[in-house]
Amino acid sequence: MHTLYIAHPSFPLNLWDRLIPQAQMTLNMMRKSNINEKLSAYEQVFGTYDYNSTPIAPPGTQSLLHLKNNQLGTWAPKAIHAWYIGPCMSHYRCLNFYVPSTAGERVSDTAKLYPTMVETPTWTQLDEIIKAATALTVALQPQNK
């Protein structure tokens, strides 16, 4: 299972089974439907996946969950350590996490993810130069009227 290669090296072994739903969902998104080859198997059964309303992240990612003010004590930390275990399909823009300090799962909409095996894309100076050159090329093209 390639999902485990992406997980953080210290991701708890007893939580591997909680990554299966996301792995199954991802595989079904990548393979074609047997009924309609223009659709994925996932889309054939469940419809188009909306990444804006149900974001996903690399499975087994180390995270910090931000706690709401009503969950905090006076001098308590504002975040707790957790592990990302999958998307939350029943809540808008939320993710499922396993919290080791409580040994339970928690749904959160505010978290900081720390992926280890996947690099976060960044905007470089080369990207800025290419964008400017493209815009200049378009601006210098003669207008057909």
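The values are calculated or read from the model by the stated rules, or taken from the named source; none is laboratory data. All of these numbers come straight from a predicted model, not from anything done at the bench. Positions of Cβ are generated from backbone atoms using ideal geometry, with glycine treated the same way; all protein chains shown enter the neighbour counts.
General remarks:
- Residue within segment 16-29 that is more than 23 Å from Trp83 (Cα to Cα), of a type outside the set (Asp, Glu) and surrounded by 13 or more Cβ atoms within 10 Å (Cβ to Cβ) present: yes
- None of Ala23, Ala82 is modelled with pLDDT under 95, out of contact with any Gly (no Cβ under 8 Å at 6 or more places or on another chain) and among the aliphatic types (A, V, I, L, M) except Ala23.
- The C-beta contact set for segment 5-22 (first residue on the phi > 0 side of the Ramachandran plot, second residue surrounded by fewer than 17 Cβ atoms within 10 Å (Cβ to Cβ) and aromatic (Phe, Trp, Tyr), distance under 8 angstrom, 6+ apart or interchain) is empty.
- Of the residues making up segment 19-47, those that are assigned to a loop (DSSP other than H, G, I, E, B) and more than 24 Å from Ile6 (Cβ to Cβ) are Ser33, Asn34, Ile35, Asn36, Glu37, Lys38, Leu39, Gly47.
- Considered as a group, the residues in segment 102-145 that are in contact with a strand residue (DSSP E or B) (Cβ under 8 Å, 6 or more places away or on another chain) and basic (Lys, Arg) include one that is surrounded by the most Cβ atoms within 10 Å (Cβ to Cβ), and that residue is Arg106.
- Qualifying residue in segment 60-72 (condition: hydroxyl-bearing (Ser, Thr, Tyr) and within 19 Å of Ile6 (Cα to Cα)): yes
- Hits in segment 114-143 - residues which are touching a residue at least 24 places away in the same chain (Cβ under 8 Å) and among the β-branched types (Val, Ile, Thr): Thr116, Val118
- Enumeration of residues in segment 65-103 that are within 14 Å of the chain's Cα centre (by Cα) and closer than 19 Å to Thr116 by Cα: Trp83, Tyr84, Ile85, Gly86, Pro87, Leu95, Asn96, Phe97
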